[in-house]
Amino acid sequence: MLRKWLTLSALIIMLLVGASAGHAKPGPPRAVANLETSAISAVLMEAHSGQILYAKNPEQRMPMASVTKLMTLLLAVEAVENGQVKLGDQVVASEHACSMGGSQIYLEPGEKFTLQEMLIAVAVGSANDASVAVAEHIAGSEEAFVQLMNERAAQLGLKNTHFSNPTGLPAPDHYTSAADLATILRHCLEHDLFIKISSIYEYDLRGGEFKLWNTNKLLKWYRGVDAGKTGWTTEAKYCLASSCLRDNLRLIAVVLGCPEPKSHFRESIKLFNYGFANYKALPLLAAGSTVRELPVQRGARDSVAVTSFKPIALVLPKTEKETAYQKEWRLPAYVTAPVTKGQKVGELVITREGKEMARYPLLAAQDVPPASLPDMLRKAYQKMLGE
């Protein structure tokens, strides 16, 4: 009997793992009346699910200028979180890094800053020299880091992106699309460190002798904007990828190829205004709340809490009634130890009139190691006694 239950459980878990790993199914862009943008390419994305709410030439390959640095920052914060590097590391500027030109903090060869300060210089001041210094610190050389950038792009499924440097300075074979950039920023937003440094508006370097001002002016101009990256070159024109959070709804706006100064801010505001006017977030699960205690077989604990570490919300048009949507908790009868904190153990599926609209992963809230032999013997004895 136990073998049958284990087989059934394994089949259920395989089906769940084989299902979409994302939070919800991204849908096609909706038709938008009276929304026009001077950007050559643009995307409005709901950050939690990846659903595209508006698009103009979303797959067109475009130069991206310094918005490139989103991928530089993504790799950096991931390297910090996996322990490869530390924010307190001393990063030494090489002659190569100091030769970048363009936006910079005017590093001198041999000058040192902590990795945290370098990342702030990248995120806030769009410093090309700091970007290369960070790349060299993480990967050993700019070339090796660029290889990591392209590998990460492939892992994210980006079909219209290729990097030639970590700065965005003009270079052959360096391009992206608005949809790809929105995906990169979406993954950046999964990291609190990224949001923390990206939201800094001003910062003092060198003991206050050098002040950085964030190039993303929407941090001050538009309520709720807390992250993003600007870019400009003659070839790329004015570009911006930014994120805004209001009333549990987080939107990502990407505009590429805007024609004149400040137009990338204006066009991004248009997209945000449209999104917040037409869509709402329906909260489904608070971050860290327990959905259920799931039985654990052969574990040091008898059960594991099922949760979502981040809040789950369904994004829907404001014209639709919330009561039209139903929740379905898909969980196996039990799981078998070992269980790892953050392991996917089930899904929350949202349906409307019997049609699946979205699915969200449900995760184990803590580690459950396998039970020791004495524990297993004790449990077996207690079971025999009917305790």
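Listed values, structure above:
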read-out: Restricting segment 41-63 to residues that are in a strand (DSSP E or B) and among the hydrophobic types (A, V, I, L, M, F, W, C), the residue that is farthest from I269 (Cα to Cα); value: M62
read-out: Any pair with Cβ under 9 angstrom, 6 or more apart, that starts in segment 310-325 at a residue that is among the aromatic types (F, W, Y) and ends at one that is surrounded by fewer than 16 Cβ atoms within 10 Å (Cβ to Cβ); value: Y325/L282; Y325/T351; Y325/R352
read-out: Residue in segment 189-196 that is within 17 Å of the chain's Cα centre (by Cα), at positive phi and buried (at least 21 other Cβ atoms within 10 Å of the Cβ) present; value: no
read-out: Out of L245, L185, sole residue that is touching a strand residue (DSSP E or B) at 6+ places or on another chain (Cβ under 7 Å), surrounded by 20 or more Cβ atoms within 10 Å (Cβ to Cβ) and not basic (K, R); value: L185
read-out: Test: M62 is closer than 30 Å to L314 by Cβ and either of a type in the set (F, W, Y) or buried (at least 21 other Cβ atoms within 10 Å of the Cβ) (or both); value: no
read-out: Subset tally (residues that are without any contact (Cβ under 8 Å) to a residue 12 or more places away in the chain and within 23 Å of the chain's Cα centre (by Cα)) for segment 272-305; value: 1
read-out: Positions within segment 153-187 being basic (K, R) and under 14 Å from the mean Cα position of the chain (by Cα), in sequence order; value: R186
read-out: Qualifying residues in segment 263-290 (those that are touching a Gly at 6+ places or on another chain (Cβ under 9 Å) and of a type in the set (F, W, Y)) - the one surrounded by the fewest Cβ atoms within 10 Å (Cβ to Cβ); value: F276
read-out: Flag if I120 is under 26 Å from K237 (Cα atoms), at pLDDT 95 or above and under 20 Å from the mean Cα position of the chain (by Cα); value: yes
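Matching residues to (1) touching a Phe, Trp or Tyr at 6+ places or on another chain (Cβ under 8 Å); (2) under 23 Å from R250 (Cβ atoms); (3) among the β-branched types (V, I, T):
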residue	(1), (2), (3)
T290	no, no, yes
E328	no, no, no
V335	no, no, yes
V339	no, no, yes
M357	yes, yes, no
P361	no, yes, no
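The values are calculated or read from the model by the stated rules, or taken from the named source; none is laboratory data. Remember, it's a predicted structure, so these values are computed and weren't measured experimentally. Glycine gets a Cβ as well: all are built from the backbone with ideal geometry, and neighbour counts include every protein chain shown.
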